[in-house]
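Reading through the structure tokens given below for one structure.
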Amino acid sequence: MEKLSHGPMSAEPDVVTALTDHRALAMRIKRSVRRHAGGGVRSLEVQVDHESIRLGGQCASFYCKQLAQQAAIRLSGGVQVINGIEVDC
């Protein structure tokens, strides 16, 4: 006899795994950005999903913004990195 699935529970482990993986990657990227940009990015935000990695925050120079982007790209695994870090003028 075939078992029937009632509700979203059948897909839940994959969703939980994906969320955990995304959070872990976001934390790794945050650490890497802080290390490579010398802590120059204030209010750093990293959002990861299956399509992209988004960086947010503020910094004092375009150089710092570029360092942050390169740190994220190194860990991106080929996923697009969108650099939304704002440079103070």
Which net charge results for the neighbourhood of SER61, defined as the other residues with beta-carbon distances under 14 angstrom from its beta-carbon, given Lys and Arg at +1 and Asp and Glu at -1?
0
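Work out the length of the dipole vector of the stretch 12-87 about its Cα centre, built from +1 on the beta-carbon of each Lys and Arg and -1 on the beta-carbon of each Asp and Glu, and round it to the nearest 20 debye.
It works out to roughly 540 debye.
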Between beta-carbons, use under 12 Å as the cut-off and find the net charge around ASN83, counting Lys and Arg +1, Asp and Glu -1.
0
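Every number in this text was worked out from the coordinates using simple rules, so none of it is lab data. Owing to the predicted nature of the structure, the values given are computational and were not obtained by experimental measurement. Reconstructed Cβ throughout: ideal geometry from the backbone, glycine too, with neighbour counts over all protein chains shown.
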